[in-house]
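The values are calculated or read from the model by the stated rules, or taken from the named source; none is laboratory data. All values derive from a computational prediction rather than experimental measurement. Here the Cβ positions follow ideal geometry from the backbone for every residue, glycine too, while neighbour counts run over all protein chains shown. Ligands, DNA and RNA are excluded from the accessible area calculation, which covers all protein heavy atoms including side chains. Shrake-Rupley method; radii C 1.70, N 1.55, O 1.52, S 1.80 Å.
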Amino acid sequence: MSRPASIYICQSCGAQTRQFFGRCSNCGDWNSIVEERTSSLNKRSKERISNSLKPLLKLSEPISSLQEKDLDRITSGYSEFDRVLGGGLVPGSLVLVGGDPGIGKSTLLLQSATKMALKNSVLYVSAEESAQQVRLRWQRLKDCESNLQLLAETNLNLIIQELEILKPKVAIIDSIQALNDDNLSSTPGSVAQVRECSSALQQLAKQQNISLLLVGHVTKEGMLAGPKVLEHLVDVVLTFEGDRYASHRLLRSVKNRYGATHELGIFEMQGNGLAEVNNPSEIFLNRKSAAGIATIVACEGNRSLAVDVQALISTSTYASPRRTATGVETNRLHQILAVLEKHMDLSLSRHDCYLALAGGLVVEEPAADLGIATAIVSSFKDLILPDGTALIGELGLGGQLRPVGQIPKRLQEAERLGFQRAVLPTGSGIDQLKRKINLELMEASNINQALIMALGITPERNQLHKEEYI
Ligand code: TYD
Ligand code: MG
């Protein structure tokens, strides 16, 4: 009898080889290759092919003749969650929610499932915690009365069986890495298991029009664990993040077939579960002026947020100065420091620079550049920015300010929060904006002009002491 053949699968990227290697030739990860038996894999895929092969019939139809179906979205019970989903859960869709351990994924989904179960049939499959543990958590949440169905199970076949019997509208699997398919010899959480379990669940979800919410683990580096195919397979990928020691949590959409990506939902972890934060700018704003603080207005998906940037510049005692940034990419900080050094004649290369965005928010968009640069100069020169100034603009390498998108939305948020003035890049069309927005708007073409407007600094006077121009 021939020995069952083995293949070797990289647990990081899912690449397959016929031979064991210490290092994956595809992704370069060390010790990530694990042996898998192929027989069970083949059996399953053959079964699936034979099921799907139908007698020769034409299956396609012209796109124009397709009936327009109204996507009757199911509300998750939380407007912040719905916003990130693009307006609610689409029936038959797969949503993957990833995040660090202990961040609150199970809490979020249990709360949402409880709310959804008031109007729909919902099944919560807990593969990580026992039914009693889930019940304890459920009791901690406020308004917990609903007829949510709970199943504590890790066996894929039993879960599928339950889904077929119960035919719920929504099912939650917490988590996909804890599921176990008997047909495979590998351990739960391995690439083969995650791939098989998720594709089996996907088929069922599409056939029976069940909205499936899957919890996914993340790796040390913060990437979703398991094969990349998992992210391709699902319709929506959400990440739940935040500082574990701060109470608010951010739900972001990374991929969404039914809505905008980079949408942001904000929650706060309280003693009795997660609460929605409807006015998030309040968390990210300090409202007390001090040297080294500037305010930017960032756009996350459809929402704009005013956020404080804090910078601390101090004389360096190291051979090469320290630069750390929280919430902003360090490379971006290096670039802004270099531009300031060159075009503002500031000797920043002999100073340490620490930069942080308030509240643990991460802002990737370049529109934050002007705010970052202003916070740095403000700390370096020990100058305080006038109250209620919003800074918006991208900084070019030549020191010029570049226009950014969604200016009206950003200014509306600044106006709503009671700001008085905003500095914008030239070309933002302030003449038109002035008619709609009740703020003092100033346009600057380069960093020098912008800093004069924001702080009152000129290159000739930047060696002078602060009393001279405050
Ligand atoms: P959990 O939802 O289990 O996180 P995950 O599923 O992402 O691993 O973790 C919740 C954390 O939040 C846990 O450390 C306890 C805390 N918590 C509260 O502060 N308040 C609550 O009401 C609940 C249910 C949990
Ligand atoms: Mg959990």
Exercise for review: With a cut-off of at most 11 other beta carbons within 10 Å, and DSSP calling the residue loop, which trypsin sites (Lys or Arg not before Pro) in region 165-241 qualify? Please list them.
Suggested key: Lys220
Check your understanding: Label-point separation (nm) for Gln161 and Glu341, each offset 7 Å from Cα along Cα-to-Cβ?
Key -> 6.7
Practice item. Name the aspartates and glutamates eligible as straight-distance cross-link partners of Lys142: C-alpha to C-alpha under 19 Å, and not fewer than 8 places from it in the same chain. Key: Glu80, Glu268, Glu276
Review point. Setting aside same-chain residues fewer than 8 positions from Lys169, which aspartates and glutamates have a Cα under 20 Å from its Cα?
Key: Asp70, Asp72, Asp82, Glu145, Glu153, Asp235
Study note, to complete from the structure: In nanometres, the difference between 0.36 nm per residue of separation and the alpha-carbon distance of Asn272 and Leu57 is 71.8 nm
Check your understanding: Thr239 accessible area, nearest 10 Å², 1.4 Å probe?
Key -> 30
Revision key, fill the gap. Working note, region 187-278: Cα radius of gyration (Å, one decimal) and Dmax (Å, whole number) are 15.0, 42
Review point. Once fully extended, how much extra length lies between Asn209 and Arg18, figured as 0.36 nm per residue of separation less the alpha-carbon to alpha-carbon distance?
Key: 65.0 nm
**Study point:** With at most 14 neighbouring Cβ atoms within 10 Å, loop GluC sites (Glu not before Pro) (DSSP) excluded, longest segment of the chain
**Key:** 222-328
Review point. Rg and Dmax of the chain, Cα atoms, in Å?
Key: 26.6, 92
Study note, to complete from the structure: Taking a probe of 1.4 Å and leaving out DNA, RNA and ligands, the chain shows per residue an accessible area in Å² of 49
Review point. Antiparallel as a % of all DSSP beta bridges within the chain, to the nearest 5?
Key: 55
Study note, to complete from the structure: Order by accessible surface, 1.4 Å probe, largest leading, for residues Met269, Met116 comes to Met269, Met116
Exercise for review: Any chance you could get the radius of gyration and Dmax over the Cα atoms of region 83-137, in Å?
Suggested key: 12.2, 33
Exercise for review: Could you please put Ser289, Ser316 in sequence from largest to smallest accessible area, using a 1.4 Å probe?
Suggested key: Ser289, Ser316
Review point. Hey, what's the Kirkwood Rh for region 364-436 if you take every pair of different alpha carbons, in angstrom?
Key: 13.0
Review point. Where a Cα-Cα gap under 14 Å defines reach, which aspartates and glutamates qualify for Lys288, not counting those fewer than 8 residues away within the same chain?
Key: Asp308, Asp387
**Study point:** Fraction of alpha-carbon pairs over 29 Å apart in region 282-469 - percent
**Key:** 14
Practice item. For Asp29 paired with Ala319, estimate the spin-label separation in nm (one decimal), with each label point 7 Å from Cα along the Cα-to-Cβ line. Key: 3.6
Practice item. Note down, for region 106-227, the three equivalent ellipsoid semi-axes (square root of 5 times each alpha carbon gyration tensor eigenvalue), biggest first, whole angstrom. Key: 23, 17, 13
Check your understanding: If r is the Cβ-Cβ distance from Gln132 to Thr219 and R0 is 41 Å, what FRET efficiency results, to the nearest 0.05?
Key -> 0.85
Check your understanding: Taking the Cβ-Cβ separation of Ser64 and Asn120 as r and a Förster radius of 30 Å, what is the calculated FRET efficiency to the nearest 0.05?
Key -> 0.35
Review point. Which whole-number value in Å³ per residue fits the convex hull of the alpha carbons of region 72-278?
Key: 112
Check your understanding: Excluding ligands and nucleic acids, what accessible area in Å² is computed for Thr154 using a 1.4 Å probe, to the nearest 10?
Key -> 50
Review point. In terms of modelled amide H atoms, which long-range or inter-chain residues lie less than 5 Å from the amide H of Gly242?
Key: Leu250
